[in-house]
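Peer 1: Structure in structure tokens, see below.
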Amino acid sequence: MKTTNRQHLAQLALQNTSLLLFIVVFVVFGLLAPRFFALQTFETILKQASYIGIVAIGMTFVILTAGIDLSVGSNMYVSATVAGLVMQELKAPVWLGLLVCLSVGMLFGGVNAFLITRVKIIPFIATLGTMVAGKGIGLLFSRSIQIPYPDSVLELGSSRLFGLIPLPIVIFLGVALAAQLVLTMTPIGRQIYAVGNDAEAAKKAGLSVGRVLTSVYIVSGLMAALGGFVSVAQQGVVHPGFGEGYEFNAIAAAVLGGASLFGGVGSVLPGTLLGAVLIQMIQTGLIFTKVDIYIQPLITAAIIFSAVLLDAFRNIQLQKLRRRNIRIDKGALVGAGDD
Amino acid sequence: MSDAILTFDHVEKSFFGVRVLKGISLDVPRGKVLGLVGENGAGKSTLMNLMGGVHAPDRGQMLLNGAPYAPRTPSDANAAGIAFIHQELNLFTNLSIAENIFIDGFPRLRWLPMLDRSHMRARTKQYLEAVELHVSPDTLVEKLSPGERQLVEIAKALSFDARIIIFDEPTTSLTARETERLFRLIERLRSDGASIVYISHILPDVMRLADEIAVLRDGELVAHGDKEAFTINRMIALMVGRAIEQLYPPRRSAPTTTPVLEVQDISQQGIVEAITFTLHKGEILGVFGLMGSGRSELARILFGLDEHARGEIRVAGKPYTRPSARRSIDAGMAFVTENRREEGLLMDIAIAENIGLVALPRYAAATVTAVNERRYFTEITDVAASLAIKGGELRQQAVKTLSGGNQQKAVIAKWLLDKPAVLIIDEPTRGVDVGAKYEIYSIINDLAAAGTGVLFISSELEELMGVCDRMLVMSNGEIQATFSRDEFEKERILRAAFRENAA
Amino acid sequence: MMEAEVKEPNRAVTRSQLVATSSARGTVRRVLRKLLLSEYFVLYLSIVYFLALWPFIPRIASPQNLGNIFSNMWPLLAIAIGQTFVLIIAGIDLSQPSIMALVSVIGAALMTSQLDPVLFEKSPLWGIVFTEAGGPLAGAFLAAPVAIMVMLLVGALIGWFNGTAVARLKMPPFMVTLVGMMFFSALAIYLVKSENIIHLPESYVLLGQGQIAFIPYSFFIVGALAIAAQWLLSRTVLGRWFYAVGANVRTATVSGVPVTRVIVTAYILSGVFAAIGAVFYSARLAAGRPTLGATLLLDVVGATVIGGTSLFGGKGKIMWTVFGVLFFVLLDNSLNLLNLSYFWVQIVKGSVILLAAALDVARTRLLARG
């Protein structure tokens, strides 16, 4: 009996490696810098994790279909730039700016979807191409200079819902909740998992694989734009380097949260949310513990590496645990009673 | 003949200029089981693909209940009440049973664009009961056995009220008990009024299930009639176009008493237990077991692909520890695995390079020195010729362009090139047509005559009885009995194979 | 169509006309098809691109510019050869640019003959590896060769690390090398606190800038390496194993291929070739730079894949990669000559990648049709 309990515990631990790692990192930093445990700190972490987290949620949709979207960083830049110009030059109100931002992001995602589903270019290369071209288009609009956002946006970025929770966090959590609902509770959500599991089978089952893929890349585009807007709302300007390299952070957050690059496996809640917050927590923790700024990225990378390692180890172990026993030993009963 | 639910009217279909169906007219009988047999490439699957909406005919038409029927997609076919249960199941392992059943048309809540889970669950439960699969609708498909997954496919067919259900080689990955359950289910579906098309290479199964039998050869219908008009021999003769006097080639040599493979007390917890046997030079030793008896797992352990906790393996008298595939090969072992696509071949790579892969290091002084290409390709060509591998230019054409039988011969060829002392061969005739089967048996015979010890693993008892000198029977990961050729008796062997039930 | 019976005479006329025009069109189509399906497709594409631009930018064909294109190819090719090995085994190496940065810094730190204390005092290497008087090899007779050996060794070591993580620990290559990219580029920056190391030995700098009869050294070295790499892939046991592992790991395992060793070897080669590329780039700059290669990832993966090597493994040739690199260098060069702003360069480059990929899709479809 004891051994089965221990086995269960092992399995439970294996299934929740990202949560365990999360707790370990949290506790270690807390011990190193007691200030880290303050509620204020946690709010800062969540707020700073919000925009990468939102982008990572879109990325999760794409990764669930065994795809990848390398263009999200460029997308953030283009959509934020266009929105900034609309607000600055045309004096458009904030809501219109946001609308423009999201529309540009969706359009960007739509282009990716077109290249992937119609032209049939593999996602890695298609989004690599739009990443490069997209950045160029963004710089074309901005003429490579900073685009300031109106103060009203900055105010929005630092405002609080009911004067309590910072708006970026509300948006982040709201989007995560909605995304998780879509993935688990709606037809399209389940079809995303089906396509990621076996696209060929999905086609045979009569699913429109093209439609499913189109929707995930558009969602990814939308999330990139929203993430970009939330980020700029906290910083006030779009500088020319904005968004560069964010695609890798978003991918890392999704994978740390348990999404498999081979598709069909992963979740937004708790998965990607946890992944995004974990990355930010490491970075904030390193600042709190006053680690040399040059060493911080080394430690961040090392922790992400160990998370990926843990995940690989977990997969091997889970496979071993799942391997069916053929022999029916008396005593050790194997499940599933046959007729 | 009775009235037809579906009629093929002179249908033709070509692929890349090759006529696969040459004007077939066939009635699928209403409320009966039609057994459809033919060699690989005879056009069975293409014909069924027309029916299932995967392809459209070039010429001719189909009539469903007398009205023209022209599905453009599999969903059209489903909507018309036709379900196609493919050999490779079409399920999403990361989703639940209920989600799989409703994947292309989820029921939604009235006010929200969300799944109506309770409705899905209730209906799924009903279908699962109809196929006698007693698990929760929320069970993930990855937790089910191959047989259970097939029942889910059938439950799915019930969900759209299929009137015609096509089964394409449904028993290849089922245990004996699961097969039996499937047959009972098919019989019940028929008595409920469904029409069934049953495609299989296992002719005794066809004889047992079918009311009518249709035989295809080279894209033409060569016979169709009531089951009573057929015998297994007649079906084979019709399939290959000539009478086959023998299913199995005669043995021309006798086994020696020199051991080449000695297995002593091999055990691995939960997989196999205390396996002990000896394989001799020139002997064909059969291993019979039902699905899940541990036969393939034993082969993997012997070849060093999976670990074992206890026991000893000796090849040609020499013990070797810490086995790995490379060590096994160096010791003189060869292993034709049961799934040639996944573990036997590099499908996109040229035939010649596939055949050369195992023996490759022998053609160069070191891994980073040049391969002696002349010797390499000459010997590959020789072995390919000796096995009569047909269908392509060896060095140019990818192995995936070969027919199933020739692919299997390519797998055997790559091991023969290494001149093994021991050949472990697992289900070599699965998915291979009658003519190619005979060739594969002949190859095995010739090898034994040349002194190779062959461990022939199969779930088809007849072929083992036809080819082997001796037979081990496995169940529950143990060797239950050993029979010499003069003791071969179907009933006794099967009884040994089912022994786990007694325990 | 051949079997269709023709009853009415006027129809027969139309049909024969049809056959006539279609045979003319047929020839054109056959030629196009042949071009599209040829192994040399990307080379043809480069030539067509070159010829198409010639009337608009005559300067592109000037001897000096041709020399530029020619000498720009080889360092990039060195890196792309390494990437080709990894792609063939169905992996990917995103860490190559960071390897370049790190080894360029390490090599320069060993060789440099003088360092500015104001800039380097805070470096963790200060006082340990180098001082004001430069690195441990400063002024030594064999400074450059020894430093290069160390650089290659570091490249091999990182490759070994990547390969081990992928093959033994079963980590996904994309993530391993992505994190590797973050780590090693941060390490390069940390070691020198973002500063470039200059004052490198002349013999080293010559490697990047020297020429024999107007042909850069890099051509001879990388050309020889490319031939050796192609020989390795197509003629040796190891080469065949690369393709086998990339095409189907499970089959390769059963067939006795030492899969782990093969995968690790591919990543080691990738690391070493990245280091070779770093030698040429840093020699040309006459500096060790902690951000060396940061913008090259796209060019390397893009050139290799557009050359025809599959991201899914089992398929690839060094010659294809040579063409892919030629195409990318030509593209870059032409965009420079056009004197376009940075953003136009990006837009055109991205579009051309997409176009080339779309053409590749068309090719694959044609090939599948047989």
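The values are calculated or read from the model by the stated rules, or taken from the named source; none is laboratory data. It should be emphasised that the depicted structure is a prediction, and the values quoted were computed from it without experimental measurement. Here the Cβ positions follow ideal geometry from the backbone for every residue, glycine too, while neighbour counts run over all protein chains shown.
Peer 1: Counting just the residues of region C:185-210 that are part of a helix (DSSP H, G or I) and within 14 Å of C:Gly107 (Cβ to Cβ), which one comes out nearest to the chain's Cα centre (by Cα)?
Peer 2: Once the filter is applied, the top-ranked residue is C:Gly208.
Peer 1: Separate question: What's the number of the condition C:Ile306 fails, among (1) within 21 Å of A:Ile116 (Cα to Cα); (2) surrounded by fewer than 19 Cβ atoms within 10 Å (Cβ to Cβ); (3) touching a residue at least 40 places away in the same chain (Cβ under 8 Å)?
Peer 2: (2)
Peer 1: While we're looking at this one, here's another question. Out of the residues in region C:355-370 that are surrounded by fewer than 22 Cβ atoms within 10 Å (Cβ to Cβ) and within 7 Å of another protein chain (Cβ to nearest Cβ), which is modelled with the highest pLDDT?
Peer 2: C:Ala358
Peer 1: Kindly indicate whether C:Lys349 is out of contact with any Asp or Glu (no Cβ under 7 Å at 6 or more places or on another chain), closer than 30 Å to B:Ala350 by Cα and of a type in the set (Lys, Arg).
Peer 2: no
Peer 1: Can C:Leu119 be described as modelled with pLDDT under 95 and either outside any loop (DSSP other than H, G, I, E, B) or surrounded by 24 or more Cβ atoms within 10 Å (Cβ to Cβ) (or both)?
Peer 2: yes
Peer 1: Moving on. Taking strands (runs of 3 or more DSSP E) that fall entirely within region B:268-339, which contain at least 3 residues that are buried (at least 20 other Cβ atoms within 10 Å of the Cβ)? Can you show your working first?
Peer 2: On the way: elements: B:272-280, B:284-289, B:310-315, B:333-336.
Strands (runs of 3 or more DSSP E) meeting the threshold: B:272-280, B:284-289, B:333-336.
Peer 1: Of the numbered conditions (1) within 13 Å of chain C (Cβ to nearest Cβ); (2) in contact with a helix residue (DSSP H, G or I) (Cβ under 7 Å, 6 or more places away or on another chain); (3) at pLDDT 90 or above, B:Val315 fails exactly one; give the number of that condition.
Peer 2: So B:Val315 meets the others, but not (1).
Peer 1: Would you check which residues across region A:152-171 are of a type outside the set (A, V, I, L, M, F, W, C) and in contact (Cβ under 8 Å) with a residue 40 or more places away in the chain and list them?
Peer 2: Listed by number, the residues that qualify are A:Ser152, A:Gly157, A:Ser158, A:Pro166, A:Pro168.
Peer 1: Just need a number here: residues in region C:309-345 that are free of Cβ contacts under 8 Å to residues at least 40 places away in the same chain, within 11 Å of chain A (Cβ to nearest Cβ) and not in a helix (DSSP H, G or I).
Peer 2: Looking only at that region, the number is 2.
Peer 1: Quick one: which residue in B:Lys409, B:Lys400, B:Lys414 is under 16 Å from the mean Cα position of the chain (by Cα), in a helix (DSSP H, G or I) and in contact (Cβ under 8 Å) with a residue 24 or more places away in the chain?
Peer 2: The conditions single out B:Lys409.
Peer 1: Of the residues B:Arg340, B:Arg327, B:Arg310, which single one is more than 13 Å from chain C (Cβ to nearest Cβ), basic (Lys, Arg) and in contact (Cβ under 8 Å) with a residue 12 or more places away in the chain?
Peer 2: B:Arg310
Peer 1: Out of the residues in region B:343-372 meeting the condition of being more than 9 Å from chain C (Cβ to nearest Cβ) and without any contact (Cβ under 8 Å) to a residue 24 or more places away in the chain, tell me which one is nearest to B:Gly304 (Cα to Cα).
Peer 2: B:Ala365
Peer 1: Which condition breaks for B:Asp446 when tested against (1) surrounded by fewer than 21 Cβ atoms within 10 Å (Cβ to Cβ); (2) under 19 Å from B:His201 (Cα atoms)?
Peer 2: For B:Asp446, the exception is condition (2).
Peer 1: Quick check on my filter: what residues within region C:231-269 are facing chain B (nearest Cβ under 8 Å), under 19 Å from the mean Cα position of the chain (by Cα) and free of Cβ contacts under 8 Å to residues at least 40 places away in the same chain?
Peer 2: Selection gives C:Trp231, C:Leu232.
Peer 1: Quick one: which residue in B:Asn78, B:Asn90 is buried (at least 20 other Cβ atoms within 10 Å of the Cβ), within 9 Å of chain A (Cβ to nearest Cβ) and in a helix (DSSP H, G or I)? Before the answer, list the steps.
Peer 2: Details: B:Asn90 fails: in a helix (DSSP H, G or I).
Exactly one of B:Asn78, B:Asn90 is buried (at least 20 other Cβ atoms within 10 Å of the Cβ), within 9 Å of chain A (Cβ to nearest Cβ) and in a helix (DSSP H, G or I), namely B:Asn78.
Peer 1: Still on this structure, please answer the following. Can you find even one residue in region C:88-108 that is touching a Pro at 6+ places or on another chain (Cβ under 7 Å), more than 14 Å from chain A (Cβ to nearest Cβ) and not aliphatic (A, V, I, L, M)?
Peer 2: Looking through region C:88-108, none of the residues is touching a Pro at 6+ places or on another chain (Cβ under 7 Å), more than 14 Å from chain A (Cβ to nearest Cβ) and not aliphatic (A, V, I, L, M).
Peer 1: Looking at the structure I just gave you, is C:Val272 within 11 Å of chain B (Cβ to nearest Cβ) and buried (at least 18 other Cβ atoms within 10 Å of the Cβ)?
Peer 2: No; evaluated as a whole, the condition is false for this residue.
Peer 1: A follow-up question, please. Residues A:Gly245, A:Gly210, A:Gly189: which one is over 23 Å from A:Leu21 (Cα atoms) and away from chain B (no Cβ under 14 Å)? Walk me through how you get there before you give the answer.
Peer 2: On the way: A:Gly210 fails: away from chain B (no Cβ under 14 Å); A:Gly189 fails: away from chain B (no Cβ under 14 Å).
Result: A:Gly245 is the single residue among A:Gly245, A:Gly210, A:Gly189 that is over 23 Å from A:Leu21 (Cα atoms) and away from chain B (no Cβ under 14 Å).
Peer 1: Test of understanding: among C:Gly127, C:Gly155, which residue is surrounded by 23 or more Cβ atoms within 10 Å (Cβ to Cβ) and of a type outside the set (Asp, Glu)?
Peer 2: C:Gly155
Peer 1: Oh, and also: So which residues in region B:438-457 are touching a residue at least 60 places away in the same chain (Cβ under 8 Å) and either in contact with a Leu (Cβ under 8 Å, 6 or more places away or on another chain) or of a type in the set (Val, Ile, Thr) (or both)?
Peer 2: B:Tyr438, B:Ile444, B:Thr452, B:Gly453, B:Val454, B:Leu455, B:Phe456, B:Ile457
Peer 1: If you don't mind, another one. What helices (runs of 4 or more DSSP H), lying completely within region A:130-233, carry at least 1 residues that are over 24 Å from B:Ala79 (Cβ atoms)?
Peer 2: In region A:130-233, the matching helices (runs of 4 or more DSSP H) lie at A:151-157, A:167-185, A:187-197.
Peer 1: Continuing with this model, one more query. Taking the conditions exactly as written (within 20 Å of the chain's Cα centre (by Cα), over 30 Å from A:Val291 (Cβ atoms) and without any contact (Cβ under 8 Å) to a residue 24 or more places away in the chain), does A:Ala126 satisfy them or not?
Peer 2: Yes; evaluated as a whole, the condition is true for this residue.
Peer 1: Looking at (1) modelled with pLDDT under 90; (2) surrounded by 20 or more Cβ atoms within 10 Å (Cβ to Cβ); (3) under 27 Å from B:Lys437 (Cα atoms), can you tell me which one B:Ile199 breaks?
Peer 2: Every condition holds for B:Ile199 apart from (1).
Peer 1: Restricting attention to region B:377-397, does a residue exist that is within 12 Å of chain C (Cβ to nearest Cβ), among the aromatic types (Phe, Trp, Tyr) and either out of contact with any Ser or Thr (no Cβ under 7 Å at 6 or more places or on another chain) or part of a helix (DSSP H, G or I) (or both)?
Peer 2: No, every residue in region B:377-397 fails to be within 12 Å of chain C (Cβ to nearest Cβ), among the aromatic types (Phe, Trp, Tyr) and either out of contact with any Ser or Thr (no Cβ under 7 Å at 6 or more places or on another chain) or part of a helix (DSSP H, G or I) (or both).
Peer 1: Restricting attention to region B:103-125, does a residue exist that is within 29 Å of the chain's Cα centre (by Cα) and within 14 Å of another protein chain (Cβ to nearest Cβ)?
Peer 2: Yes: one or more hits.
Peer 1: Only one of these conditions is not met by B:Ala70: (1) free of Cβ contacts under 8 Å to residues at least 40 places away in the same chain; (2) within 11 Å of chain A (Cβ to nearest Cβ). Which number is it?
Peer 2: Just one mismatch for B:Ala70, condition (2).
Peer 1: Continuing with the same structure: From B:Gly23, B:Gly35, which residue is assigned to a strand (DSSP E or B), away from chain A (no Cβ under 14 Å) and either buried (at least 21 other Cβ atoms within 10 Å of the Cβ) or among the aliphatic types (A, V, I, L, M) (or both)?
Peer 2: Being assigned to a strand (DSSP E or B), away from chain A (no Cβ under 14 Å) and either buried (at least 21 other Cβ atoms within 10 Å of the Cβ) or among the aliphatic types (A, V, I, L, M) (or both) holds for just one of B:Gly23, B:Gly35, which is B:Gly35.
Peer 1: Of the conditions (1) among the hydrophobic types (A, V, I, L, M, F, W, C); (2) part of a helix (DSSP H, G or I); (3) facing chain C (nearest Cβ under 7 Å); (4) crowded, with 23+ Cβ neighbours inside 10 Å, A:Ile121 satisfies every one except a single condition; which number is it?
Peer 2: (2)
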